[in-house]
Amino acid sequence: MAEIQAETRGRLASLADSDLWHSFKGSPVTIASALVALLLVLGALLAPVVAPHNPFDLASLDIMAANLPPVWAEGGDPAYPLGTDDQGRDVLSAILYGARISLLVGFASVLLSILIGVSLGLVSGYVGGRLDAVIMRVADVQLSFPAILIALLIDGAARGLLPRDLHESLALYVLVFAIGFSGWVQYARTVRGATMVESRKEYVQAAQIIGIGPATILRRHILPNVMGPVLVIATIHLAIAIITEATLSFLGVGVPPTSPSLGTLIRFGNEYLFSGQWWISIFPGVVLVLLVLSVNLLGDWLRDALNPRLR
Amino acid sequence: MTITATLRRSAAAIALLGALCAGAAEAKTLRWSYQGDATTMDPHGLNETFTLGVQSNIYEPLVGYDEKLQLTPLLAEKWENPEPNKWVFHLRRGVKFHNGSDFTADDVIFSWKRSLTEGSDMKGYGAKASEIRKVDDFTIEVLTKSPNPILPREWVFLYIMDEDWSKQNNTTEATNVKNANQGNYANLNANGTGPFMVAERQPDVRTVLKRNPSYWDKGIRTNVDEVVFTPITQPATRVAALLSGEMDVIQPVPVQDWDRLDQAPGVSPLTGAEARAIFIGMDQARDELLYSNVKGKNPFKDIRVREAVVRAVNLDAINKQIMRGAAVPLGSLIPPELNGYDKSFGEPYKPDPDKAKKLLAEAGYPNGFEVSLDCPNDRYVNDEKVCQAVAGMLARVGIKVNLLAQTKGKYFGKVLAQAGYDTSMYLLGWTAASIDAHNSMLNLASCRNKDTQAGLFNLGGYCNPKVDALTEKVGSETDQGKRNAMIKEAWEIVKADYGYLPLHAQPMSWGVRDGVKVVQRADDVLDLRSVVLP
């Protein structure tokens, strides 16, 4: 058993050492998107340190500094590099704090999707039979609904069921659950297939023979061997989750307006597109595009790099 | 946004197709949008100018307003004031309700009684009369408790319903705005005497009005056969609907978009000064605020705290940045358009945040306190943004404001008397329906009194007996000079008490497709009688 594990780890390590790294180095697009993604993630994580203002602190807002254009346009103020919104909020700071929430919701919901999808996929593929049929039919049904619709349904139901105050404080969790729950099917499908292949291999049979329980086999032997494709799906799913969150927030059913994400910022700015204050919505939009595009490109690269047939 | 626009466009296409098939291609349809819906069809459900304005095309009062807010005979042909406490109205003969039944004096008496029922928001108007006597089918005598020289003007929004219809449909009591859209037949259905009839009513989605073919006044100008009213909450979507030709009239246009409409071909903004004061009230009645972290006492009972609130807010900044300079900052609840306005109380307070902080510390709140602010988000021009700006300014002196901005149906259903004044601080707008300062004194600045219905919209419970005494005298004074002197005295007292935080008189702001002729009344009401389509 120890040997098998060592072998697995060795294989992954050598992959990272050689092939992945080589293909990464050879693709300028990938390097660029990795840099952009890293920059955005760092900016979001360090928002309280790097942002010039705190957009959540009402007392720091100066309404006389409202509606300022970006610094390079006429009338811009260097204190507000990307301009200000109608309340005098610094657009750059709002974007940094907003990206934080977008990324937080994105990562958390992807993790939730993985948790649900991978567990169900493992069980489904390993146990087979009726349980497999039931889980896969449920997945089929869910696949026939667009993810955004399911997320809207969950969010709407939570809004109806929870009292207002409670919903306000739980909004972020509800959103993570709504997006996470709407995305588990792909993981379950992929992991089920891979599990079915792996569970017929000799190392699994060997483990079964020496009397290891199914839970342990799934966790310690099969799981590490099916995680490759999951990683690829997760990267692409992260981009989708961020977009879903932005869509929900744009529609006004996402995060509460007191902690605006990128989608909320675009919604706020949308009201000013006709009046010429384009910077309030365009900059959060550009950041959203950059974030999603770079994550998507990374996901594409990862898929190609890990796919033996394309190598 | 695009999806709804596409849907709406296809819906319009289908409607058009249907109209063509029915051979009614000649019918003139006015497409009209507001930022919210008319909250109810019940004429006694909500005393809000927009809702009453929509209803004014369906229901009619005895005496109404013309385009210049001058009194014009509607269901009463003549009226006179033979004794100080008595008014006589001679009703119009031959008027029929939409369902064909005849309009008589009984309907007037029934409607007056209905306006005094539990759920009614029009109690303040109904309470003006102590009794209505039927002389004959087309003559009534209205008795008032005290002399009331302006009764017809005060009743321009008291609409007349059909007694038989109301009894048949079990709607003899007014819809309570607290449970709007529930149960009451008159909430969703209407049977008035006006030039338009409700053909379809989907709250918050779409309301279709059809021309009343047997309307008594054949002289009205409009050539509109059908009105499709669609509330559009999102300002940008509303403006886009006008620009794309989907709408003929939209209300309001965000002030920041005026330039855009000026430049766009085929549409223009229609603007003017509105006789509406926007202000913030504070709960000064309860011993402990409902929504605050201060327990055991009410900070707003302390005049120093109220002054601090007033001094913290910079009206010029709000006017410049949020209203784009289109509003008129106020020092009281009386806009310059009202009779009785005077500079002595009309000048805005001088903002002084440092003094505000000092006052808060003196009052025992050196670190400020927390309070919730109720605000509508689809009622007044940029209402939520104004609330946000006020919240920011109060935060700077230490008062942390939790903003609860919601659609006007929910907002009114929370803060008004019918819901027990469930608020600690609120933003409200008020147009004196009679265009006279006395209306604001009675509704906003008088102590709340269940019997006389005074102070019905004094949601914060500001109370000064001196103001009450003056209000009563003004109500029956006929000498204009003396009357205005008392109005001035009363508002100076309210100002010295820091009873309210007045903000501004807002501008009227409509967007109209070229060729559509509308009259913009100074109370922001769109009277369909005057709309002419090309």
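The DSSP beta bridges internal to the protein assembly as shown are antiparallel in roughly 80% of cases. Pairs exceeding a 29 Å alpha-carbon distance, out of B:K355/B:K385; B:K86/B:K408; B:K210/B:K408: B:K86/B:K408.
Please find the FRET efficiency linking B:K210 to B:Y291, where r is the Cβ-Cβ separation and R0 is fixed at 51 Å, and quote it to the nearest 0.05. Walk me through the intermediate numbers first.
Working: r = 45 Å, r/R0 = 0.87.
E(calc), rounded to 0.05, equals 0.70.
Specify the residue with the greatest mean-square fluctuation among A:I135, A:I114, A:I179, computed from a Gaussian network of chain A linking alpha-carbon atoms under 10 Å apart. Its mean-square fluctuation being the largest, the pick is A:I135.
Mind jotting down the distance between the C-alpha centroids of the range B:267-328 and the range B:60-91, whole Å? For the range B:60-91 versus the range B:267-328, the Cα centre distance is 36 Å. Total buried accessible area between A and B, probe 1.4 Å, nearest 100: 2000 Å².
Suppose we compare each residue of the range B:241-290 in its chain alone and in the full protein complex with a 1.4 Å probe; which ones drop by at least 20 Å² of accessible area? Residues of the range B:241-290 that lose at least 20 Å² of accessible area once the other chains are added: B:Q256, B:D257, B:R260. By the combined test of axial Cα extent (at least 27 Å) and Kyte-Doolittle hydropathy (mean at least 0.5), the qualifying DSSP H helices of chain B come to B:2-21.
May I ask you to give the percent of accessible area on the protein assembly as shown that is carbon plus sulfur, with a probe radius of 1.4 Å? Don't jump to the answer; show the numbers that get you there.
Numbers: 20560 of 35190 Å².
That share works out to 58 percent.
May I ask you to order B:282-289, B:94-101, B:151-158 by the average number of other C-beta atoms within 10 Å around their residues, highest value first? Mind dumping the intermediate values first?
Values: B:282-289: 19.1, B:94-101: 15.6, B:151-158: 22.6.
Sorting B:282-289, B:94-101, B:151-158 by mean packing, highest first, produces B:151-158, B:282-289, B:94-101.
In straight-distance terms, cross-link reach from B:K495 covers every one of the aspartates and glutamates whose alpha-carbon lies under 17 Å from its own, apart from those fewer than eight places away in the same chain; here that gives B:D283, B:D302, B:E307, B:D342, B:E347, B:D352, B:D468. For chain B, the solvent-accessible area of protein heavy atoms averages 37 Å² per residue (probe radius 1.4 Å; ligands and nucleic acids excluded). Put simply, the amide H of B:A326, placed in the peptide plane, has no neighbours under 5 Å, leaving out anything fewer than 5 places away on its chain. Between B:S130 and A:F24, the distance separating the two model label sites (each 7 Å from Cα on the Cα→Cβ line) works out to 9.1 nm.
If the chain linking A:L42 and A:V289 were pulled fully straight, counting 0.36 nm for each residue of separation and taking away their Cα-Cα distance, it would gain 87.2 nm. Each residue was assigned an accessible area with a 1.4 Å probe, and for A:L46 the value is about 80 Å².
Packing around the peptides A:212-223, B:221-232, taken as the average count of other Cβ atoms within 10 Å per residue, puts them in this order, highest first: B:221-232, A:212-223.
Considering only B:Q70, B:A190, B:G340, the residue lying farthest towards the positive end of the dipole of chain B is B:G340, judged by Cα position with unit charges set on Cβ.
The residues of the range A:55-101 occluded by other protein chains by 30 Å² or more of accessible area, set against the chain on its own, are A:L58, A:A59, A:I63, A:M64, A:N67, A:D86, A:Q87; surface from heavy atoms, 1.4 Å probe.
Entry note, chain B: the mean residue ellipticity at 222 nm calculated from DSSP H runs of n ≥ 4, each adding -39500 (n - 2.57), is -8000 deg cm²/dmol after division by the residues and rounding to the nearest 500. In this structure the range A:2-310 gives 49 Å² per residue of accessible area when probed at 1.4 Å with all protein chains present. Pairs from the list B:K343/B:K450; B:K301/B:K488; B:K78/B:K473; B:K295/B:K414; B:K295/B:K410 with a Cα-Cα gap above 29 Å: B:K343/B:K450. Membrane-span-like helices in chain A (whole DSSP H runs, Cα extent of at least 30 Å along the helix axis, mean Kyte-Doolittle hydropathy of at least -0.5): A:91-127, A:223-250, A:279-306.
The values are calculated or read from the model by the stated rules, or taken from the named source; none is laboratory data. Just so it is clear, the model here is predicted, and its values are computed rather than measured. FYI the Cβ positions are ideal-geometry reconstructions off the backbone, even for glycines, and counts take in every protein chain you see. Ligands, DNA and RNA are stripped out before the accessible areas are found, and what is left, the full protein with its side chains, is counted by its heavy atoms. Shrake-Rupley method; radii C 1.70, N 1.55, O 1.52, S 1.80 Å.
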